[in-house]
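The values are calculated or read from the model by the stated rules, or taken from the named source; none is laboratory data. Treat the numbers as computed from the prediction; the structure is a model and nothing was measured. A quick note on method: Cβ atoms are made from the backbone with ideal geometry, for glycine too, and the neighbour counts reach across all protein chains shown.
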Amino acid sequence: MIRINLLPHREAAKKARREQFFVLSGLVLAFGALVVFAVYTFIGNAIDDQIGRNDYLKKEIAALDKELDEIKRLKEQTQALLARKQVIENLQRDRGETVYLLNELVKQVPEGIYLKSLKQNGLNVNITGYAQSNARVSALMRNLEASPWLEQPRLIETKAVVLNGRRINEFGMNFVLTRVAADAGKEKK
């Protein structure tokens, strides 16, 4: 005998599958929402942490910039002090040069030569004067070349002039004053 089931079992199975689908869809949707919320929270916390780190770094950078400005100011002050020290050392070193120059000129100028002017510009010295003969000017140049304090004598010009009814030679000459260490200068005295 053939049995025929007239109960709507297919509709019941469809209904059960539909309910199962909706429950699973709800669970997946809830799980997806939970995952999205977790990711959103994680990213939000990471952003907040990074903002906190950035703020901390900005504060530290500002503090370091202040320190760098202070260091720069101190370096400028140090350079200014070193420049002043160098000026003082140069003045200290150069204060005796005029004395050495005049002392050497007294020693090196031969008889028959009279100096009219002496000009010093740094280490360069220019002298003008009168000589009884050109041989005396040559002797002066040799003496200056041999001097430990004076070097590179260069005759600018020599010309014959009449002074007080006498014929003499007027000359102009340049030379360089040599910087000698203080100990060497004491030995040469």
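Looking only at the range 1-52, which residues are outside any helix (DSSP H, G or I) and surrounded by 10 or more Cβ atoms within 10 Å (Cβ to Cβ)? Break it down stepwise before answering.
Step one: list which residues in the range 1-52 are outside any helix (DSSP H, G or I), which gives 1-8.
Selection gives Pro8 alone.
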Look through Val99, Val162 and report the one residue that is in a helix (DSSP H, G or I), of a type in the set (A, V, I, L, M, F, W, C) and without any contact (Cβ under 8 Å) to a residue 24 or more places away in the chain.
Val99
From the options Leu118, Leu144, residue that is in a strand (DSSP E or B) and hydrophobic (A, V, I, L, M, F, W, C):
Leu118
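Yes/no per residue for (1) at pLDDT 80 or above; (2) in a strand (DSSP E or B):
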residue: Ser138; (1), (2): yes, no
residue: Pro148; (1), (2): no, no
residue: Glu157; (1), (2): yes, yes
residue: Asp183; (1), (2): no, no
Could you please let me know if Leu102 is in the same structural domain as Trp149 (by TED's automatic domain parsing) and of a type in the set (A, V, I, L, M, F, W, C)?
yes
